[in-house]
Amino acid sequence: MKVLVIGNGGREHALCWKIRQSQKVRKIFCAPGNAGISRIAECINIKADSLEDLIEFARYESIDLTVVGPEAPLTSGIVDLFQKEGLKVFGPAQSAAELEGSKAFAKNLMRKYGIPTAEYKTFSSFLEAENYIRLKGAPIVVKADGLAAGKGVIIAETVQDAIDAVRMMMKDKIFGSAGKKVVIEECLKGEEASFLAFTDGETVIPMASAQDHKRIFDGDKGPNTGGMGAYSPAPVVTEDLERKIMDRVMIPTVRAMKADGRKYKGVLYAGLMIDKGEPKVLEFNVRFGDPETQPILMRLDNDIIDIFNAVIEGELRGKELRWKKDASVCVVLASDGYPGSYRKGEVITGLEEAEAMDGVVVFHAGTTLENGNILTDGGRVLGVTGLDKDIKSAIAKAYSAVNKIHFNGMQYRRDIGLRAIERSSSKY
Ligand code: AMP
Ligand code: GLY
């Protein structure tokens, strides 16, 4: 089989790494990929949003299966376009991808079908939004309706901050048309968890649990990022809670999408807030999470191609996912200044030494190859991932690999996974 993976981050490196373990796969292409991916796949110079070029390439190379990493091509309808050409592709159709593409759509669906989420209201008028914020008071959460590269959510501590956020979205249009509409919602408390599942539109099979660390600094301080690290399993998701999440969120959402004529196939990712054992949905994503995918796929024992095929063919029923008992931890190494502006082009050293460690995989997120050197090429640069018998050992392993790697301005969190240890020690 020839497989094409679309995207260029740590998630796509992890997907290529896992796909490469399949006996069925003869060749992997990645568009556009990065320096790490180029060692296991052929990187082709087509961006993830160049849909016509991607189709042409897939046709020309007779690609047997395409796996879409990021949300933007999904919400632009890449799956529908590929299918029209008779090309097999993993991911939701455009009408289903609206679950991530429009927060107002997702919230309305949840309200209609009784799926637990924060109380909210949607606005297209600045004045009405302002009045609502004054009525509700702070803290309050302001969200741009459309895609905003993970930056469209503001947790406002004061009424003024909330109004300023709405003004920036609706009047200054900092997110372009994504901010034409805003969702204003109740601020939830609790602990966050990422819950991912495969679904063929009928059957829903959960993946191992994971937890992301969204803030830039230790102790969850500073601005939100795309994710500074993740670990799996997440002890906050007990067996009992997993059942609740499946019964109240995942299965009802897949049923609701079908009932609304938007049958959902692919990975469904629910960002959840867990308070006193009760889950509420913060957001849906219509794809694998980044960096959650790195530790999750390190623990998956199945041939991932079988799962992709079962999802596409509608044959997920009766399939079982097998997970390693080991825990895994991914520490993201980022460029100085991220999530704000940062330099690119710093030389990275120590990669080989880190990768030589047993149970360590260094997934590349923002890297490029130049004259034999691997250089930084993004905000999130690497995802150093360790697998070991328990979370504590996996943390130790990941950080000892991190210690071997260097580039100018390298920053990372020192507390990835600590929450999992605190939780398990408080339980026993
Ligand atoms: P989202 O893109 O909707 O996941 O939002 C990004 C982050 O903002 C989430 O991971 C949460 O940390 C936070 N967040 C979103 N919605 C809420 C809410 N209603 N209450 C509290 N925090 C929220
Ligand atoms: N790690 C959060 C996301 O993938 O959206």
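Scanning the range 273-288 for residues that are more than 13 Å from the chain's Cα centre (by Cα), not in a loop (DSSP other than H, G, I, E, B) and not β-branched (V, I, T) gives M273, D275, E278, P279, K280, L282. The requirement of being away from ligand 1 (no atom under 16 Å from the Cβ), open to solvent by 30 Å² or more (accessible area, probe 1.4 Å), in a loop (DSSP other than H, G, I, E, B) and without any contact (Cβ under 8 Å) to a residue 60 or more places away in the chain is not satisfied by K244. I'm checking my understanding of the structure. Among residues of the range 256-282 that are basic (K, R) and touching an Asp or Glu at 6+ places or on another chain (Cβ under 9 Å), which one is nearest to ligand 2 (Cβ to nearest atom)? My answer is K265. Only one entry in I184, I174, I115 is in contact with a strand residue (DSSP E or B) (Cβ under 9 Å, 6 or more places away or on another chain), outside any helix (DSSP H, G or I), at pLDDT below 90 and crowded, with 16+ Cβ neighbours inside 10 Å, namely I174. Looking across L300, L282, one residue alone is at pLDDT 95 or above, open to solvent by less than 10 Å² (accessible area, probe 1.4 Å) and not acidic (D, E). It is L300. Here are P235, P291: which of them is part of a loop (DSSP other than H, G, I, E, B) and closer than 22 Å to L74 by Cβ? Unique residue meeting the criteria: P291. Annotation note: Cβ proximity below 7 Å between a residue of the range 207-220 that is in a loop (DSSP other than H, G, I, E, B) and a residue that is within 13 Å of ligand 1 (Cβ to nearest atom) and open to solvent by less than 10 Å² (accessible area, probe 1.4 Å) (sequence gap 6+ or interchain) occurs for S209/A193; S209/F195; H213/G227; H213/M228; H213/A230; K214/G227.
Filtered by the rule that a residue be within 16 Å of ligand 1 (Cβ to nearest atom) and open to solvent by 60 Å² or more (accessible area, probe 1.4 Å), the range 219-241 gives D220, K221, P223, N224.
Looking across A48, A106, one residue alone is open to solvent by less than 10 Å² (accessible area, probe 1.4 Å) and in contact with a helix residue (DSSP H, G or I) (Cβ under 9 Å, 6 or more places away or on another chain). It is A106. Of all the numbered requirements in (1) open to solvent by 50 Å² or more (accessible area, probe 1.4 Å); (2) within 16 Å of ligand 2 (Cβ to nearest atom); (3) of a type in the set (V, I, T), I216 misses one, and that requirement is (1).
Of everything listed in (1) in contact (Cβ under 8 Å) with a residue 24 or more places away in the chain; (2) more than 30 Å from K258 (Cβ to Cβ); (3) outside any loop (DSSP other than H, G, I, E, B); (4) not small (G, A, S), the single unmet condition for K151 is (3). Taken over the range 136-149, the residue count meeting the criterion of being closer than 18 Å to K107 by Cβ, open to solvent by 50 Å² or more (accessible area, probe 1.4 Å) and within 11 Å of ligand 1 (Cβ to nearest atom) is 1. Residue count for the range 249-277, restricted to those that are modelled with pLDDT of 95 or more, more than 13 Å from ligand 1 (Cβ to nearest atom) and either open to solvent by 10 Å² or more (accessible area, probe 1.4 Å) or in contact with a strand residue (DSSP E or B) (Cβ under 7 Å, 6 or more places away or on another chain) (or both): 18.
Got at least one residue in the range 27-45 being free of Cβ contacts under 8 Å to residues at least 60 places away in the same chain, open to solvent by 10 Å² or more (accessible area, probe 1.4 Å) and acidic (D, E)? Scanning the range 27-45 turns up at least one residue that is free of Cβ contacts under 8 Å to residues at least 60 places away in the same chain, open to solvent by 10 Å² or more (accessible area, probe 1.4 Å) and acidic (D, E). Test T66 against the criterion of being of a type in the set (V, I, T) and open to solvent by 20 Å² or more (accessible area, probe 1.4 Å), and give yes or no. Considered against the rule, which asks whether it is of a type in the set (V, I, T) and open to solvent by 20 Å² or more (accessible area, probe 1.4 Å), T66 comes out as no. Mind counting the residues in the range 187-199 that are more than 14 Å from the chain's Cα centre (by Cα), open to solvent by less than 10 Å² (accessible area, probe 1.4 Å) and near ligand 1 (Cβ under 10 Å from one of its atoms)? Of the residues in that region, 0 qualify. Among the residues of the range 410-426, those that are at pLDDT 90 or above and either over 25 Å from the mean Cα position of the chain (by Cα) or closer than 20 Å to A210 by Cβ (or both) comprise Y412, R413, R414, D415, I416, G417, L418.
Every listed requirement among (1) open to solvent by 30 Å² or more (accessible area, probe 1.4 Å); (2) among the aliphatic types (A, V, I, L, M); (3) under 19 Å from the mean Cα position of the chain (by Cα) is met by L74 save one, (1). Yes or no: G86 modelled with pLDDT of 90 or more and surrounded by fewer than 22 Cβ atoms within 10 Å (Cβ to Cβ)? So G86 fits the description; yes.
The values are calculated or read from the model by the stated rules, or taken from the named source; none is laboratory data. Predicted model, so just to flag it, every value in this text is computed and none were measured. Glycine also receives a Cβ, built like all others from the backbone with ideal geometry; neighbour counts cover every protein chain displayed. For accessibility, only protein heavy atoms count, side chains too; no ligands or nucleic acids. Shrake-Rupley method; radii C 1.70, N 1.55, O 1.52, S 1.80 Å.
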